[in-house]
Amino acid sequence: MTKSPSDTTALPGQPHVARRDGQLWVEGVPLAALAREHGTPLFVYSKQWMLDALAAYRRGFAGRDALVCYAMKANSSLGILHVFAQAGCGFDIVSGGELARALAAGAEPSKIIFSGVGKSRPEMRAALAAGIGCFNVESEEELDVLNEVALAHGARAKVSIRINPDVDPKTHPYISTGLKGNKFGIAHSRALHAYRHAAALPGLEVTGIDCHIGSQITEAAPYLDAMERVLDLVTAIEAAGIRLAHIDFGGGLGIDYNGDTPPAADDLWRQLLARLDARGFGDRKLIIEPGRSLVGNAGVCVTEVLFTKPGEEHNFCIVDAAMNDLPRPAMYQAFHRIEAVDAGGHGAPRRYDVVGPVCESGDWLGRDRELDVRAGDLLAVLSAGAYCMSMSSNYNTRNRAAEVLVSGERAALIRQRETVQDQLRSESVADPSAFR
Ligand code: LLP
């Protein structure tokens, strides 16, 4: 933690979230004021954190032909996408819905790449019509279908094949993607065959190779291993006469949730580029698809304590945010730091399980946390910029939270709190005539 003369303490991993005279601020705006204005639960994002994170990647790539495609599944809110579009980022999309969002946010179509194991024909058509930069294809059947769709569209689809390098990213099993047993990519041993097949299809233009080994990776070694495996294949594929103009190394770099120490993006890329140069591939265009590391520690979720209750085994701190807003603890037993917005306290610190109102025991946000809180206090769930709002749901008919983007001393609402009317809009009771 860094302490400045004005009694400001930046939180670990979140230099733009700081405690000033006991109160939590995001950049130049106090969270308590935002909660008063917009209610809770409320996601608040630091624009500067996102731009700094992007700048770290760009420093690492200085002097190279490289494109950062923000993996928008991490946080696909329009106001967040707009920040990255304005900064000249490309986008990594995985659905027709993400394509529409990226375009609505002002993305340049040629900087969009389309990943994912299960693209439908309408999604392929929409992406071709938009003129996206590349499809990351994950199976031989997908190559055939994309070829067919492209020919019918009168276009050639640019493709890169996602290969599965079979390396262990040493992360949670649900977010490991580059192991043999995972559904992702084409096996290393089938890759050359798939490239030969792709190169022979008239509706496809082979432009690159792609891999993505997992998420929340906190070491450089798995990336270096994956790079060796990918470059072995590049050598073999080019020896077969198929030139690969770009290499896409996916995303996956972790963030500090709880003292994690992932390499900095620029350091990681300096190491990777040195390997790339050493193997004679330094001239290729590079694409990367970071998600979490561009937004994860930009965001916090502010929530109000509804009740505290002593239990036989645990004390519970029941808050108004829940697993539908912050699904990562329930899904991956993920750890998010939780802090009181006002550090003043009440002189009665206790250990609590911080839980939401959803009717499941899995609805917890943090376990066994020391907090000095009472009903009505505000808590901030930290590192909530990635895979929180984008994975939120309406479970228990809870409305999705509001979102605010902060830049300096200014704050802008980028998502209104959902209403029950919003939720009911697309539903109806069955028309009696349907059952006659
Ligand atoms: N590219 C592809 C093909 C991906 O599947 C992913 C993430 C990314 C890029 C971005 O990875 P990142 O840089 O964000 O690690 N919901 C989970 C994470 C799922 C990641 C899915 N794929 C979580 O909350 O931890």
Test for Ser433: is it under 30 Å from Ala10 (Cα atoms), open to solvent by 50 Å² or more (accessible area, probe 1.4 Å) and hydroxyl-bearing (Ser, Thr, Tyr): no
Hits in segment 98-143 (condition: polar (S, T, N, Q) and either crowded, with 20+ Cβ neighbours inside 10 Å or touching a strand residue (DSSP E or B) at 6+ places or on another chain (Cβ under 6 Å) (or both)): Ser115, Asn136
Six or more apart or on different chains, Cβ under 7 Å: which pairs go from a residue in segment 59-81 that's part of a loop (DSSP other than H, G, I, E, B) to one that's polar (S, T, N, Q) and within 16 Å of the ligand (Cβ to nearest atom)? Could you list them? Asn75/Ser390; Ser76/Ser390
Taking the criterion of being open to solvent by less than 10 Å² (accessible area, probe 1.4 Å), touching a strand residue (DSSP E or B) at 6+ places or on another chain (Cβ under 7 Å), charged (D, E, K, R) and within 16 Å of the ligand (Cβ to nearest atom), would at least one residue in segment 281-293 satisfy it? no
Among (1) in a loop (DSSP other than H, G, I, E, B); (2) within 16 Å of the ligand (Cβ to nearest atom); (3) surrounded by fewer than 16 Cβ atoms within 10 Å (Cβ to Cβ), the one test that Gly88 misses: (2)
For residues that are part of a loop (DSSP other than H, G, I, E, B) and within 16 Å of the ligand (Cβ to nearest atom), scanning just segment 216-248, find the one that is surrounded by the most Cβ atoms within 10 Å (Cβ to Cβ). Gln216
Just checking, does segment 249-263 include any residue being modelled with pLDDT of 95 or more, within 30 Å of Leu365 (Cβ to Cβ) and in a strand (DSSP E or B)? yes
Of the conditions (1) in a loop (DSSP other than H, G, I, E, B); (2) touching a residue at least 24 places away in the same chain (Cβ under 8 Å), the single one that Thr308 does not satisfy is (1)
Being in contact with a helix residue (DSSP H, G or I) (Cβ under 6 Å, 6 or more places away or on another chain) and within 16 Å of the ligand (Cβ to nearest atom) is the filter; apply it to segment 355-381 and report the residue that is least open to solvent (accessible area, probe 1.4 Å). Leu365
Out of the residues in segment 249-280 meeting the condition of being among the acidic types (Asp, Glu) and in contact (Cβ under 8 Å) with a residue 12 or more places away in the chain, tell me which one is most open to solvent (accessible area, probe 1.4 Å). Asp267
Per-region count, segment 33-49, residues over 18 Å from Gly296 (Cβ atoms) and buried (at least 17 other Cβ atoms within 10 Å of the Cβ): 4
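Conditions (1) of a type in the set (Asp, Glu); (2) within 14 Å of the ligand (Cβ to nearest atom); (3) modelled with pLDDT under 90, marked per residue:
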residue: Leu128; (1), (2), (3): no, no, no
residue: Gly131; (1), (2), (3): no, no, no
residue: Gly154; (1), (2), (3): no, no, no
residue: Ile161; (1), (2), (3): no, yes, no
residue: Gly178; (1), (2), (3): no, yes, yes
residue: Arg196; (1), (2), (3): no, no, no
Only one residue in Ala334, Ala321, Ala384 is part of a loop (DSSP other than H, G, I, E, B), touching a Leu at 6+ places or on another chain (Cβ under 8 Å) and within 14 Å of the ligand (Cβ to nearest atom), so which one is that? Ala384
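The values are calculated or read from the model by the stated rules, or taken from the named source; none is laboratory data. Just so it is clear, the model here is predicted, and its values are computed rather than measured. Here Cβ is always computed from backbone atoms with ideal geometry, including for glycine, and neighbour counts include all displayed protein chains. Accessible surface is based on the protein model in full, side chains and every heavy atom, while ligands, DNA and RNA are left aside. Shrake-Rupley method; radii C 1.70, N 1.55, O 1.52, S 1.80 Å.
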